[in-house]
1. Out of all the residues in segment 178-188, which are open to solvent by less than 100 Å² (accessible area, probe 1.4 Å) and either among the aromatic types (Phe, Trp, Tyr) or modelled with pLDDT under 70 (or both)?
2. From the residues in segment 195-226 that are free of Cβ contacts under 8 Å to residues at least 24 places away in the same chain and not aliphatic (A, V, I, L, M), which one is most open to solvent (accessible area, probe 1.4 Å)?
3. Going residue by residue through segment 65-77, is there one that turns out to be open to solvent by 80 Å² or more (accessible area, probe 1.4 Å), touching a helix residue (DSSP H, G or I) at 6+ places or on another chain (Cβ under 9 Å) and either assigned to a loop (DSSP other than H, G, I, E, B) or not charged (D, E, K, R) (or both)?
4. Checking the condition more than 30 Å from Asp245 (Cα to Cα), open to solvent by 50 Å² or more (accessible area, probe 1.4 Å) and free of Cβ contacts under 8 Å to residues at least 40 places away in the same chain, which residue from Gly33, Gly24, Gly45 passes?
5. Would you confirm, using the coordinates I've provided, whether Glu96 is free of Cβ contacts under 8 Å to residues at least 60 places away in the same chain, part of a strand (DSSP E or B), over 30 Å from Ala215 (Cα atoms) and open to solvent by 70 Å² or more (accessible area, probe 1.4 Å)?
6. Taking Phe203 as the residue in question, decide whether it is touching a Lys or Arg at 6+ places or on another chain (Cβ under 8 Å) and at pLDDT 85 or above.
7. On the given criteria, is Gly191 more than 26 Å from Pro106 (Cα to Cα) and surrounded by fewer than 16 Cβ atoms within 10 Å (Cβ to Cβ)?
8. Mind listing whichever residues of segment 237-250 are within 15 Å of Ala195 (Cα to Cα) and surrounded by fewer than 16 Cβ atoms within 10 Å (Cβ to Cβ)?
Amino acid sequence: MSAATTRSRTPDRLCAEAVDLARGAAEEAAAPGVVGEHVGLVSEGDRVVTHFFECRELGYRGWRWAVTVARASRAKIVTVDEAVLLPGPDAVLAPEWVPWSERLRPGDMGPGDLLPTDAEDLRLEPGFSGEDEPAPNSAVSHEMADLVEAEDADVTDGPPARLPVAPSRGSIAAVAEELGMRRARVLSRYGLHTAADRWEEAFGAKTPMAQSAPAACVSCGFLVPVGGSLGQAFGVCANEFSPADGRLVSLAYGCGGHSEAAVMPRPPQPAPPVIDETRVDPFPLRPAPDAGSVPTTTDEDTEELGHS
């Protein structure tokens, strides 16, 4: 360890003894009566010491007034560098600010709430554009073709050999497979209607959430279609922030998490700061005595009531 490092960690004697000078600077910067006892000091470097004083200001529990003093080399006069209010190890601090989009959790949305969707949300992709182009996630799309070429992979047309092969299209077995009839028993028409009535009552057009929704689920990008006759009236919600996430919802249902209801605006970019070093703007450290709404009075009757 060098001698310079050793000197910087040892408080300068004259700076360490300048407690009264530091207290005077703290009392000048603070309001009257809020500077408490001297609670310690720390060496900031060669002939630079910071003194800490207890802060008695209401609402600043655990904070300390920090006054940095210094002296020039071979000089005996100690001067004040700065006086600031800093949080101590036990200070009460505000929690770290988190954007609302990161604070939002599933189940937080209620009737009437609107959840904007980011224009570049990774959970959504472009739908049918009217052009004769493959879907973005298709194996024959341009993006997938570039990825296959970059990864030096092969795209097979058929299923892997280990997976069961689906019945040939057009056969009776294929039709039964598509209709879900290759089971011992299937859902009857009555059972299908009673289930649809329950789902319509829980996540249908007459619910408070759907009544206050900006749009219906039929046009939402988070709706997963279902096969069979139920697909004409129901779908599965895939929005994790929606109260119907993972539920079978009516196409007439809706919530504030609709993918096209509102697009999340981009955060405004603040203008670059303009620094003017040619002048100094004075700011008062404490309010003026006559700045309040109650005028200053010296009446003895009001003094007894606690007014000044």
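1. Hits for segment 178-188 are Gly180, Val186.
2. Ranking the candidates gives Lys206 first.
3. Among the residues of segment 65-77, at least one is open to solvent by 80 Å² or more (accessible area, probe 1.4 Å), touching a helix residue (DSSP H, G or I) at 6+ places or on another chain (Cβ under 9 Å) and either assigned to a loop (DSSP other than H, G, I, E, B) or not charged (D, E, K, R) (or both), which makes the answer yes.
4. Gly33
5. In short, no.
6. yes
7. yes
8. Arg247, the sole residue that qualifies.
The values are calculated or read from the model by the stated rules, or taken from the named source; none is laboratory data. Just so it is clear, the model here is predicted, and its values are computed rather than measured. Positions of Cβ are backbone-derived with ideal geometry, glycine not excepted, and every protein chain shown enters the neighbour counts. For the accessible areas, the whole protein counts, side chains as well, though only heavy atoms, and no ligand, DNA or RNA atoms are used. Shrake-Rupley method; radii C 1.70, N 1.55, O 1.52, S 1.80 Å.
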